[in-house]
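The values are calculated or read from the model by the stated rules, or taken from the named source; none is laboratory data. Since the model is a prediction, treat every value here as computed from it, not as a measurement. Every residue, glycine among them, receives a Cβ derived from its backbone with ideal geometry; neighbour counts consider all protein chains shown. Keep in mind that these areas ignore ligands, DNA and RNA; they rest on the heavy atoms of the full protein, side chains included. Shrake-Rupley method; radii C 1.70, N 1.55, O 1.52, S 1.80 Å.
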Amino acid sequence: MRAITVRALPALDDNYIYLLRGPNEEECALVDPSQAAPILEELRRHPGRLVAIYLTHHHHDHLGGLKELLERLGPVPVHGSRVDQARIPEISVPLEDGDRISFAGEEGQAWLVPGHTRGHLAYHFPRSGHLFSGDTLFGAGCGRLFEGSAEQMHRSLQRLAGLPDETRIWCGHEYTRANLRFARTVDPDNAELAEREKRWAPPTVPLEMGLEKRTNPFLRCAEPALQRATGKCAPVEVFAELRQRKDRFS
Ligand code: ZN
Ligand code: FE
């Protein structure tokens with residue numbers, strides 16, 4: 001049973017804000033409040049008591065609505081990476097890798113997954129099977145390397161891929177279509193990937209971990225097909241090459 005339910009609120013061009021509700025629907029929480037308006041509108045239609053805000057990283061498209069929300073709704077614990085505390089002064093609950101969090105009676109965990117940024121966090125609620133991956137893992141893709149190395153990002157992604165196949169992934173952006181187009185160029189013989197591109201329809205969240213493991217090239221760096229496509233052997237080198245090609249792909 002999934003005790004926590006999640007609603008994806010589209011924001012800005014292609015961001016997702018996530019509104020979590022507990023089993024009694026009264027308590028709610030937010031992941032990455034890009035904008036205040038869609039959240040206030042959702043809470044007006046389906047009232048709830050906001051008890052926590054979780055931030056994945058410091059980029060403005062993930063926390064642009066934070067100040068206004070805190071002004072309008074009053075103080076709410078703001079969870080974020082201890083690494084980012086200096087650049088996100090609103091963080092009141094600084095988290096380190098492995099720190100426990102709790103929402104609506106359910107335990108979760110924050111994971112430090114650097115690569116896109118130094119302080120990037122993912123949030124995992126194992127009982128409900130939800131993973132909030134921010135700009136680390138996308139549908140058929142991954143985030144750009146702004147502050148981290150290929151090694152770091154590869155390790156972060158491998159760690160997320162260790163979660164059960166039925167894990168539901170709620171990522172920071174709806175980039176799946178463009179990512180599938182790129183994925184097909186480097187993994188052309190993957191029938192499930194071809195099928196996935198054909199069936200594509202928005203919204204693609206929640207993503208399913210099992211499908212990502214089988215079709216996301218950035219999680220398949222040890223597969224012969226991806227080694228062949230990149231001309232590299234070591235998985236981390238395959239990853240680095242894929243990431244560079246994706247940066248140039250349009
Ligand atoms: Zn970002
Ligand atoms: Fe982003």
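Take the residues in segment 146-156 that are away from ligand 1 (no atom under 13 Å from the Cβ) and open to solvent by less than 30 Å² (accessible area, probe 1.4 Å), then tell me which one is farthest from the chain's Cα centre (by Cα).
First, the residues of segment 146-156 that are away from ligand 1 (no atom under 13 Å from the Cβ): 149-152, 154-156.
Right, trim to open to solvent by less than 30 Å² (accessible area, probe 1.4 Å) and you get 150, 154, 156.
Values: ALA150: 18, HIS154: 15, SER156: 12 Å.
By that ranking, first place goes to ALA150.
Can you find even one residue in segment 101-108 that is within 16 Å of ligand 2 (Cβ to nearest atom) and of a type in the set (Val, Ile, Thr)? Checked against the condition, which is being within 16 Å of ligand 2 (Cβ to nearest atom) and of a type in the set (Val, Ile, Thr), segment 101-108 yields no hits at all.
Given THR215, THR167, THR204, which one is over 14 Å from the mean Cα position of the chain (by Cα) and touching a residue at least 12 places away in the same chain (Cβ under 8 Å)?
Numbers: THR167 fails: over 14 Å from the mean Cα position of the chain (by Cα); THR204 fails: over 14 Å from the mean Cα position of the chain (by Cα).
That would be THR215, the only listed residue that is over 14 Å from the mean Cα position of the chain (by Cα) and touching a residue at least 12 places away in the same chain (Cβ under 8 Å).
Only helices (runs of 4 or more DSSP H) whose full extent lies in segment 18-120 are considered here, and the ones with at least 1 residues that are more than 16 Å from ligand 1 (Cβ to nearest atom), open to solvent by 40 Å² or more (accessible area, probe 1.4 Å) and without any contact (Cβ under 8 Å) to a residue 40 or more places away in the chain are 37-45, 66-73.
In segment 1-54, which residues are farther than 16 Å from HIS124 by Cα and polar (S, T, N, Q)? Residues satisfying the conditions are ASN15, ASN24, SER34, GLN35. When restricted to residues that are out of contact with any Asp or Glu (no Cβ under 6 Å at 6 or more places or on another chain) and of a type in the set (Ser, Thr, Tyr), segment 52-88 contains 2. Scan segment 40-66 for residues that are touching a Pro at 6+ places or on another chain (Cβ under 9 Å) and either over 21 Å from ILE169 (Cβ atoms) or acidic (Asp, Glu) (or both) and the total you get is 4.
How many residues does segment 223-250 hold that are outside any helix (DSSP H, G or I) and either open to solvent by 70 Å² or more (accessible area, probe 1.4 Å) or under 17 Å from ALA178 (Cα atoms) (or both)?
As a first pass, look at segment 223-250 and keep what is outside any helix (DSSP H, G or I): 223, 231-234, 249-250.
Keeping just the survivors that are either open to solvent by 70 Å² or more (accessible area, probe 1.4 Å) or under 17 Å from ALA178 (Cα atoms) (or both) gives 223, 232-233, 249-250.
Qualifying residue count, segment 223-250: 5.
Filter segment 132-145 down to residues that are over 8 Å from the mean Cα position of the chain (by Cα) and within 10 Å of ligand 2 (Cβ to nearest atom) and give me whichever is surrounded by the most Cβ atoms within 10 Å (Cβ to Cβ).
GLY143
For segment 157-173, the criterion of being open to solvent by 20 Å² or more (accessible area, probe 1.4 Å) and under 16 Å from LEU242 (Cα atoms) is met by at least one residue. Of all residue pairs spaced 6 or more apart or on separate chains, those with beta-carbon atoms under 7 Å, a first member in segment 219-245 that is closer than 21 Å to LEU160 by Cβ and in contact (Cβ under 8 Å) with a residue 40 or more places away in the chain and a second member that is open to solvent by 70 Å² or more (accessible area, probe 1.4 Å) and assigned to a helix (DSSP H, G or I) are VAL236/GLU151. For beta carbons closer than 9 Å, sequence separation of 6+ or different chains, a first residue in segment 124-144 that is farther than 19 Å from LEU55 by Cβ and a second that is at pLDDT below 95, the qualifying pairs are ARG127/MET1; ARG127/ARG2; ARG127/ALA3; SER128/MET1; SER128/ARG2; SER128/ALA3; GLY129/ARG2.
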